[in-house]
Each structure stands twice: as structure tokens, then as C-alpha cells.
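The values are calculated or read from the model by the stated rules, or taken from the named source; none is laboratory data. Bear in mind the structure is a predicted one, so any value in this text is a computation, not a measurement. Please note: Cβ atoms are built from the backbone with ideal geometry, for glycine as well, and neighbour counts cover all protein chains shown. Areas reflect the complete protein model, heavy atoms only, side chains present, ligands, DNA and RNA absent. Shrake-Rupley method; radii C 1.70, N 1.55, O 1.52, S 1.80 Å.
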Amino acid sequence: MLKKLFLSTAVSLLLNACATSPTGRSQFIYMPDNQVDQMGLQAFSSMKSKNPISGNQRYSQFAQCVAYAITQQTGGQWEVVVFEDESLNAFALPGNKIGVHTGLINLVDNQDQLAAVIGHEIGHVLSRHSNERLSQETAVSTGLAMVQAVTQPQTALGQTALGLLGVGAQYGVILPYSRIHETEADTIGLDLMAKAGFDPRQSVNLWLKMDKAAQGGQPIEFMSTHPSHASRIDNLNQNMSRAVQLQQQAWGGGRQPRCSK
């Protein structure tokens, strides 16, 4: 009887787990979004308590200005925190939380290059990539205990949960988004930054700078598990014509961000 109930529940979950990403890709998602958002909120709170937050107001204002321009296109209230960390990294978590490292702010030449990274990370959230990864993981192995695991980040399961949220290697886990997710986030992020009025062509310059920094031996957590630079730039260029048109439309609508560090 219990076996039949379990099988019935499993079939029901599978039938209701079909979703579609913003790019039209089919997804397997059955975790409740509010639970995944709660995990993101808990993870972000833990990061703020355990990792130094930058006291540089110019950096904070710069990151918030860029992020606010982009999130105006997505809706919702987003919290943006700049962490004192020299790695070239940024991230966004379910629950509308954005973290930017001072190392990345030092690297970028302008607002548009930072917008390329923040747009990419928000693209992960809009595409529910964390939920997709959690759904896949819980479906095959760990069960709903994963939802509570993020509150215990020192445990093996807790580290896995943080990784599935896409937090990154510098927080003790190396469970990257898949290359499909990364390419999708690039495409969505390119459109987002363009709709906000940023120059999408600067996204290519940003990745070229990242490539140069990597060759110089500088640690780049953001790129350590991502597609090759050449394939990323090729994908961006394939979508650039549309993105430039979106930027022109944004400028025509009065959306011209002016963020400076």
C-alpha cells in the first residue's frame, strides 16, 4: 500500500514538474518557489554574517545603481551587497539577493561591463536555475531534506544545498551551473542589460578582460566553471543585433543609466 502511494506521489510530481524557461527550454521543476526563495534568503543572511561587507560607499552606490536599472526591468525589490573580496565574482540568489565582490568592481571599466555580469546572474534567478538544480538533485537522491540543509552550511548536505543555489566555489562548494544554464543566463542577461539602457557590446569587452585576467593568474571564481571564453563570446555576438535594438528602444524611452564608481 505504501509502495503504491509512493509511486502515485512520484508520478504526480513528475507530471506537474514540467516548466518552460524564459528562452523556451523545457525544465524539470517541482520544488515550491517559496521554499527555494527561503533557501536563498537564508544563504544570503549567512554570507553577510560570515563574510566582510565593503565599507566603500562609492562601490556600493555603483553596484546598486547598475543593479537597480536592471531590476526595474524585472520587477520586485532586490537587495544588493558589495563584499570585500578580491575575487572577480558576483552572484544572485532566489529571494532577490545580489552580491558583488570588490575585485570585480576594480576590474570593470564602466557601468556596462558590470551590468553584463549582474544581468547574467539575475538571468539565473529569472530562469529558476536554482530550483531546477534542486529539483533534479532531490528527485534522484536526497529528498526534501535539502530544503532545510542550507541552514546548516557546515554539513555535507548543507554544502551541497548552497552549491545547488549557485553560490560558487569560494563559499566552500564546487557545484557549478551547467553550461546550458550558463548560456541561457548569458542570453537573458544580454537582453536585460540592453533593455535597461546599458551597451550590450561591452559584454564582449568584459569577457575579454576576464580572459586576460585569468591568463595573468588572477583567480576568477565567476568563470572557473563557465563555458570557454570563445564559445561565450560567440553566443553573445549571435544575439548582439537584437540586444543593440533593445538598447536603442530603451534610450528612446528615456532609459539611459549613469552609474559611476
Given (1) farther than 23 Å from Gly197 by Cα; (2) among the small types (Gly, Ala, Ser); (3) open to solvent by 10 Å² or more (accessible area, probe 1.4 Å), index of the condition Ser60 fails: (1)
Candidates Gln159, Gln170, Gln152 - the one that is modelled with pLDDT under 85 and in contact with a His (Cβ under 9 Å, 6 or more places away or on another chain): Gln170
Every pair of residues 6+ apart whose Cβ atoms lie under 7 Å, when the first sits in region 26-47 and is within 13 Å of Asn96 (Cα to Cα) while the second is assigned to a helix (DSSP H, G or I) and open to solvent by 10 Å² or more (accessible area, probe 1.4 Å): Met39/Val147; Ala43/Leu162
In region 66-117, residue nearest to the chain's Cα centre (by Cα) [restricted to those that are closer than 19 Å to Ala43 by Cβ and among the aromatic types (Phe, Trp, Tyr)]: Phe91
Whichever residue in region 63-77 is under 13 Å from Gly119 (Cα atoms) and in a loop (DSSP other than H, G, I, E, B) and, among such residues, is most open to solvent (accessible area, probe 1.4 Å): Gln72
Within region 241-252, considering residues that are closer than 12 Å to Ala194 by Cβ and not polar (S, T, N, Q), the one surrounded by the most Cβ atoms within 10 Å (Cβ to Cβ): Ala243
Search result, residues across region 22-45 that are surrounded by 18 or more Cβ atoms within 10 Å (Cβ to Cβ), of a type outside the set (Phe, Trp, Tyr) and modelled with pLDDT of 80 or more: Ile29, Val36, Asp37, Met39, Gly40, Gln42, Ala43
Filtered residue count, region 120-130, keeping only those that are open to solvent by 10 Å² or more (accessible area, probe 1.4 Å) and within 19 Å of Arg255 (Cβ to Cβ): 1
Identity of the residue in region 212-260, charged (D, E, K, R) and farther than 17 Å from Ala90 by Cβ, that ends up modelled with the lowest pLDDT: Lys212
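Per-residue answers, yes or no, for (1) surrounded by 24 or more Cβ atoms within 10 Å (Cβ to Cβ); (2) outside any helix (DSSP H, G or I):
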{"position": "Phe91", "(1), (2)": "yes, yes"}
{"position": "Gly95", "(1), (2)": "no, yes"}
{"position": "Leu104", "(1), (2)": "yes, no"}
{"position": "Asp109", "(1), (2)": "no, yes"}
{"position": "Ile118", "(1), (2)": "yes, no"}
{"position": "Glu132", "(1), (2)": "yes, no"}
